[in-house]
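Novice: Sharing a structure, written as structure tokens. Questions coming.
All of the numbers you see were taken from the coordinates with simple rules; none came from a lab. The shown structure was predicted, so the numbers you read here are calculated from the model rather than taken from an experiment. Note that each Cβ is placed from the backbone with ideal geometry, even for glycine, and that neighbours are counted across all protein chains shown.
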Amino acid sequence: MKSSLWIERIILSLIIILAGFLYFYRLGELPNSLSDDEAIVGYNAFSILSTGKDEFGKSFPIAFRFFGAYTPPLFVYLSIPFIKVMGLNAAAIRIPSGLSTLIGILVIYYFVKSLKLYRSGITPLLTAFIFSTTPWVIYYARVGYEVTFGYIVFSLGALFIWRGITINKLSLTGLLLLSISTYIAHTERYLVPIFLLLFIIFFHTMIDLGKNRARVIWAVVLLLATQVPNLYLVSTKAFWVKNSVFESNNIYSLLSDFVAQLLTYYSPLALFGGSPDINLQHTSPEIGLFFSWLIIPFFIGLYQLYLKLEKPGAKYLVLLLVTAPIPGALSGHFISVQRVLPLIVPLVLIIGLGFDWLLRKIPPGIFFIILTTLFIFSGVLFWRSYWVLFPKERFAYWSYGFEQLADMVKKKPEIEFVIDSSRSSTVYSGMLFFLQFPPEEYQKRYSDQFRLNYYSNPVNYAGYKFANVDMRPIKWNEDPVSDRILVGDSLSISGVQAKEHFLEKAFEIDDPNNKSILFGYRTNPNKKIIDNRIKESNKVPGSDYKLER
Amino acid sequence: MAGFLIFQYQTTKPTNYRVLSEMEKIAQLRRMNEYPPSAYRLANLIEARPESVVYFKLEHNFLKVFDLETIFTKYIPSLFLPLFIIGLFEAIKNRPKLILFISSLPVMLLTLIGHENTKGPVSLFPFIYTSAALGLIRLISEIRRKYEK
């Protein structure tokens, strides 16, 4: 027995080491740019580290305003020690997601061990391996914002809750973890109350209230105490930013939207065939959230779950499966796979059930030959998707180019850069991040009155000015007559406009396919002013027509 | 069931596994160029080999059969989904080989010929409706059993 336990631990360690490689290898380079969400998390963590205040000058907020999202704060605070040690860079803000996903592997392993639904001794390790190598998991283990940490802590809490009720106890650790998860990401803020309510309805008989009376009282005290900040936020706009679906007055439309979204999240096509998420920043090209062939053990696992529905472990798994996508389905009109990350755990456990059945039906030697072949094949397809196609096809969704632009800005501190942000007002976060602009200087933009209404005042600014950078729409009647560099893409500054306003190309920034995506043009105020005077003098007084020469 | 399969076959524009459309050719060339030079052979194997093209198209067609959102919003009311699942699982419990054989026929057909059909995956409908009816019967008998207790 002892030696098999050691072997199991060694294999689990090897899985974690492999996962570590997948989650941390070239972490600062892939994704090959910083998304606006990552940049704003990183800059605010940097700001808290430097000044104890966020970018707006608010001291240790209980929800970070960012772009008006009022993101729960814990991930930002968690990033601080990494930024302190590694500096403000992409790897520093992405590492917490990778580390928490490594914990997720253990969550899966112990869930399989404790649900009492699986027969084979190999299944816990196999399911942990599947989780660790799932494309959906790897993708979100390498991003620098809060969604990954949120679902891992929620799942860890759910695991403790389950282990507690198997010994007729209410786990205070589990409740504490669930409560903490509501301070990590928006999804968990809605998911935890829904999950707890249904848990109490369907599992209260498993908790011996006689034995647990004191625990129940402590549980209520614990939840109330840890939810004080959220209870305060409920009375502000900050709490309600992610439920735009409720803006509709039409109940039928609300319900049909909700059902359609749920169906999509559960749809095998969406899970195994390619994501329906319209935001291409959320996924990697040409690969599903899970490897496509896992649809077979998934269907087998679903059937096995149905057969075992009388068992408490199966009911708990169904509870996780049913509650996980509800916040995502309620949060808006579009599918977003990062809002339903808690769904990963029950889906992987169901796939594990399928493999558990297959392990009993197929001779082990043949099973592992087939499995190894399929994983090697999938590994090649994942390499193709994430390492080859993703950096070349999805860079634009990760605000590519601003790191290089920041280098240009640093090289010419004496010149003002006007950066067109008319189509995306959030790109200022990348410039702040890469310039490492002093937070105490940036905070001066905002008044005390602004900070007073912090939780009720979503940001809506026309521009951002800091260092020698001014991020706003280009003003064609003003900017060409001052000495500055205008920066934009080919839509912001066309060749015709460059010619008309006497702009000279100062630099180009290329994308990973060596095509120019950002252009910097130096203005020529003298020529432009003279040209304006000529145009003025050619105007007929009282009309808009020029005199014919 | 056979009638629906024949109707599906006759009304579907079959997937072309041999000839790529212009868009597919452009995408293929673009992707070949995205690989690092050292992986040129692998790029050719994955993107350009006819076997790979066939594999990806078959995979796409197979997975599209399980597009729950389209089937249960556009063609069949969503309410039928839980009944279908219950009925399907109950049927598999009683006659696993028969049910798996019957269900595999439309799945294989749609995988091979594709989904370009204005009527949708009609060959699936008899199976879905029959399973949903079974599911309803099972649900009613389960409710009765619990009520009589």
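Novice: Which value, in Å³ per residue, describes the convex hull spanned by the Cα atoms of chain B?
Specialist: Numbers: hull volume 23.2 nm³, N = 149.
In chain B, the Cα convex hull volume per residue is 156 Å³.
Novice: Right, something else. Can you give the alpha-carbon Rg of the range A:332-487 over 2.2 N^0.38 Å, where N counts its residues?
Specialist: Details: Rg = 25.0 Å, N = 156, 2.2 N^0.38 = 15.0 Å.
Relative to the 2.2 N^0.38 Å estimate, the range A:332-487 comes out at 1.67.
Novice: OK, next. From the residues B:Thr70, B:Ser52, B:Tyr129, which one has its Cα farthest along the dipole of the range B:49-135 in the positive direction, the dipole being from +1 and -1 charges on Cβ of Lys/Arg and Asp/Glu about the Cα centre?
Specialist: Of the candidates, B:Tyr129 comes out farthest on the positive side.
Novice: Would you compute, for the Cα atoms of the range A:403-475, the largest minus smallest coordinate along each principal axis and list the three values in descending order, in whole Å?
Specialist: 38, 27, 19
Novice: With no solvent and one point on each alpha carbon, what is the Debye value of log10 I(q)/I(0) for the range A:1-50 at q = 0.12, 0.15 Å⁻¹?
Specialist: -0.52, -0.63
Novice: Cα-Cα over 25 Å: which of A:Lys169/A:Lys315; A:Lys211/B:Lys146; A:Lys2/A:Lys308; A:Lys211/A:Lys311; A:Lys515/B:Lys25; A:Lys53/A:Lys411? Present the calculation step by step, with values, prior to reporting the outcome.
Specialist: Details: A:Lys169/A:Lys315 17 Å; A:Lys211/B:Lys146 30 Å; A:Lys2/A:Lys308 30 Å; A:Lys211/A:Lys311 23 Å; A:Lys515/B:Lys25 21 Å; A:Lys53/A:Lys411 29 Å.
Pairs exceeding 25 Å: A:Lys211/B:Lys146; A:Lys2/A:Lys308; A:Lys53/A:Lys411.
Novice: Is any residue of the range A:135-150 close enough, with backbone N under 20 Å, to a label point placed 7 angstrom from the Cα of A:Ile296 along the Cα-Cβ axis, and if so, which?
Specialist: Once the point is set 7 Å along Cα→Cβ of A:Ile296, A:135 turn out to lie under 20 Å by backbone N, inside the range A:135-150.
Novice: Using Cα springs under 10 Å in a Gaussian network model of chain B, which residue among B:Asn44, B:Asn61, B:Asn33 shows the largest mean-square fluctuation?
Specialist: B:Asn33
Novice: Among the aspartates and glutamates, which fall within straight-line cross-link reach of A:Lys505, defined as a Cα-Cα distance under 18 Å, with same-chain neighbours fewer than 8 residues apart omitted?
Specialist: Output for A:Lys505: A:Asp407, A:Glu414, A:Glu416, A:Asp420, A:Asp479, A:Asp483, A:Asp489.
Novice: Once the principal axes of the Cα atoms of the range A:343-391 are found, what is the range along each, listed largest first in whole angstroms?
Specialist: Each principal axis gives a Cα extent; for the range A:343-391 these are 41, 28, 7 Å.
Novice: While we're here: Sequence-distant or interchain residues sharing an amide H contact under 5 Å with A:Phe64, placed H: which?
Specialist: HN-HN under 5 Å from A:Phe64: A:Thr71.
Novice: Kirkwood hydrodynamic radius, computed over distinct alpha-carbon pairs, for the protein assembly as shown: how many Å, to one decimal?
Specialist: Working: mean 1/r = 0.0353 Å⁻¹.
After inverting the pairwise mean of 1/r, the radius is 28.4 Å.
Novice: Give the lysines reachable from B:Lys97 as a straight Cα distance under 17 Å; neighbours fewer than 8 places away on the same chain don't count.
Specialist: Qualifying lysines at Cα under 17 Å: A:Lys361.
Novice: For the range A:46-173, what is Rg from Cα atoms divided by 2.2 N^0.38 Å, rounded to two decimals?
Specialist: Details: Rg = 17.7 Å, N = 128, 2.2 N^0.38 = 13.9 Å.
Computed over Cα atoms of the range A:46-173, the ratio equals 1.27.
Novice: Any idea what the relative contact order of chain B is, in percent, if you count C-alpha pairs under 8 Å spaced at least 6 apart? Let's see the in-between values first.
Specialist: Numbers: 132 pairs, mean separation 57.9, N = 149.
Relative contact order, chain B: 39 percent.
Novice: On the first, second and third principal axes, largest extent first, how far apart are the outermost C-alpha atoms of the range A:182-239 in Å?
Specialist: Computed over the Cα atoms, the extents are 41, 21, 18 Å.
Novice: If every alpha-carbon in the range A:300-396 counts as one equal scatterer, what log10 I(q)/I(0) does Debye give at q = 0.10, 0.11, 0.22 1/Å?
Specialist: Cα-only, vacuum Debye calculation for the range A:300-396: -0.44, -0.53, -1.08.
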